[in-house]
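The values are calculated or read from the model by the stated rules, or taken from the named source; none is laboratory data. From a predicted model like this one, the values you see are computed outputs, not experimental measurements. All Cβ positions, glycine included, derive from the backbone under ideal geometry; neighbour counts span all protein chains shown. Just so you know, the surface numbers come from the protein's heavy atoms only, side chains and all, with ligands and any DNA or RNA stripped out. Shrake-Rupley method; radii C 1.70, N 1.55, O 1.52, S 1.80 Å.
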Amino acid sequence: MNNDKVTDFFDDNAEQWVLNGYNEDGYNYPVALHRLRVIKRVLSDFGSNLKIADLGCGGGNVSLALAELGHDITGIDGAENMIKLSNSLRSTASLELKKRVNFEHSPITDNNQEDGKFDVCIAMGVIGYFDHDSELFNEVKRLLKPGGIFLVSCRNQLFNMQSLSFRTENEINNSNAISLISEIKSLYSRIPVDKANNMVEKLRASVTSLPNSIEYDDEKMKSPSEKSIDGPSYKPYYEPRQHTPLKLSESATLCGFQNISYHGIHPHLIDPNINKLLPPKIFNQISSCLEVLEDLPISLTWSSVFVGVFLANN
């Protein structure tokens with residue numbers, strides 16, 4: 001990881017990053033909010049009062065939300081401004097909640113936590129900022145108890161073949177397109193009828209909840225950060241590495257982890273380029289019908305992000 005470059009990026013954009021992660025104003029899809037929803041559901045299968053390390057904890061929203069469920073959380077982030085936001089959020093919590101969550105300002109792979117301390121590690125949107133997956137996996141292996149659980153989210157490289165962007169052009173120019181399409185094809189399988197019915201039910205609800213008349217509003221077209229923070233949305237963007245589920249599983253296996261499941265985040269029912277050709281919220285509201293399928297392999301074909309769940313082998 002280029003620690004200085006990444007840390008500077010998140011220090012410069014801390015508030016904007018949190019806003020865009022948890023607000024669905026305008027054309028923004030709150031990826032962090034939906035990742036948190038999946039994290040809560042996944043962790044419900046692994047017991048209560050877990051000791052959890054939140055690596056790259058950002059503004060502390062995930063840490064506090066998990067503490068509210070009765071878990072003990074240590075949030076770690078290398079960006080000083082992110083830790084300031086985390087501690088500010090913690091300061092508003094109850095005394096009981098404060099006892100359950102603490103934050104540490106340190107590089108993720110050079111922290112002060114002891115070996116084998118945690119039942120669970122989570123790293124949301126972090127692994128793409130490391131030069132090599134093994135850097136993160138090896139640190140997580142150190143922190144976890146034998147048989148511990150690791151939840152990691154990635155930018156989905158497969159999605160580059162389902163949307164048309166500069167990333168699609170890069171995949172073609174770098175001769176990656178055929179292998180990505182092949183992996184996508186391997187994920188195709190019939191959707192169970194109960195899941196299909198759930199999707200149709202949610203689609204019907206999404207459509208009926210749309211306003212009777214829609215119009216363009218230049219103010220609503222802006223992202224939350226543009227509306228709430230003076231200045232530009234993000235200072236020069238730092239593009240993280242992307243992953244496919246297959247590549248992430250290969251990295252995990254080499255580091256002593258076994259994949260348990262994948263979950264697609266940020267679904268797209270149609271080409272994402274159409275989003276801003278429509279009035280605000282329409283695209284994401286309709287696409288949300290696919291959220292009921294987020295635990296199926298097929299969800300990895302239309303989601304821009306995915307969460308992988310891994311078991312640390314003894």
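Toward the positive end of the charge dipole of the chain, with +1 on the Cβ of Lys and Arg and -1 on the Cβ of Asp and Glu, the farthest Cα among P107, P272, I184 is that of I184. Exposed loop sites here are GluC sites (Glu not before Pro) assigned a DSSP state other than H, G, I, E or B and surrounded by at most 11 other beta carbons within 10 Å; excluding them, the longest clear run of the chain is 1-113. In the assembled protein chains, R241 presents an accessible area of approximately 80 Å² (probe radius 1.4 Å). The label-point distance for D194 and E68, in a model that sets each label 7 Å from Cα toward Cβ, rounds to 2.9 nm. Each DSSP beta bridge with both residues in the chain is either parallel or antiparallel, and the antiparallel ones are about 45%. Cα extents for region 1-49 along the principal axes, largest to smallest and rounded to whole angstrom: 37, 32, 16.
Excluding ligands, DNA and RNA, the accessible surface per residue across the chain is 48 Å² with a 1.4 Å probe.
I need the calculated FRET efficiency for the pair E239 and L33, taking r as the beta carbon distance and R₀ as 30 Å, to the nearest 0.05. Calculated value: 0.85. Residues considered: C57, C154, C289. Largest GNM mean-square fluctuation over the chain, using C-alpha springs under 10 Å, is found at C289.
For a test of the definition: using alpha carbon positions, the gyration tensor, and the 1.5 limit on a/c, classify region 1-156 as rounded, prolate or oblate. Judged from the Cα gyration tensor, region 1-156 comes out rounded (a/c under 1.5). Multiplying the residue separation of E201 and S186 by 0.36 nm and subtracting their alpha-carbon distance yields 2.7 nm.
Computed per residue of the chain from DSSP H runs no shorter than four, each worth -39500 (n - 2.57), the mean residue ellipticity at 222 nm is -11500 deg cm²/dmol.
Built from the Cα atoms of the chain, the convex hull projects on average onto 16.8 nm², one quarter of its surface area.
If R0 is taken as 45 Å, the Cβ-Cβ distance between K117 and S213 corresponds to a FRET efficiency of 0.20. Could you pull out which residues in region 57-90 have an amide N less than 14 Å from a spot 7 Å beyond the Cα of K145, following the Cα-Cβ vector? Within reach of a label on K145: 71-73.
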